[in-house]
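This report refers to the structure that appears directly beneath it.
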Amino acid sequence: MSDQADAARAIVNRLKRAEGQLHALVTAVENGGDCRSVVTQLSAVSSALDRAGFAIIASALTNCATLDEEEPGPDGLSRAELEKLFLTLA
């Protein structure tokens with residue numbers, strides 16, 4: 001299995017965990033869960049999505065780390081575009 005396929009599988013697994021956490025959060029809100037529990041679950045979902053986003057960008061950066069600033073990589077994004085995407089998560 002390639003490094004790229006392994007990275008994609010890890011990202012999908014992260015997103016599925018976030019999906020499960022989000023489902024639990026919705027259920028907690030619907031059932032009148034206590035504030036502390038809801039906020040804790042919300043923080044977990046937010047963190048999981050951020051980590052997935054950073055993993056996606058890190059994977060893309062790995063694929064085009066040797067490119068010039070404006071030269072598009074294999075995914076069609078330049079280093080400058082990847083930098084902008086990264087900053088949207090920061």
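The values are calculated or read from the model by the stated rules, or taken from the named source; none is laboratory data. All of these numbers come straight from a predicted model, not from anything done at the bench. Neighbour counts are summed over all protein chains in view; Cβ atoms, including those assigned to glycine, are modelled from backbone coordinates with ideal geometry.
The requirement of being under 23 Å from LEU82 (Cβ atoms), surrounded by fewer than 16 Cβ atoms within 10 Å (Cβ to Cβ) and of a type in the set (A, V, I, L, M) is not satisfied by VAL26. Does GLY20 qualify as being in a loop (DSSP other than H, G, I, E, B), modelled with pLDDT of 90 or more and either of a type in the set (S, T, N, Q) or on the phi < 0 side of the Ramachandran plot (or both)? For GLY20, the condition - in a loop (DSSP other than H, G, I, E, B), modelled with pLDDT of 90 or more and either of a type in the set (S, T, N, Q) or on the phi < 0 side of the Ramachandran plot (or both) - is not met. For the criterion of being hydrophobic (A, V, I, L, M, F, W, C) and under 27 Å from LEU87 (Cα atoms), ALA18 passes.
Within the stretch 33-59, if we keep just the residues that are of a type in the set (Val, Ile, Thr) and at pLDDT 90 or above, the residue that is surrounded by the most Cβ atoms within 10 Å (Cβ to Cβ) turns out to be VAL45.
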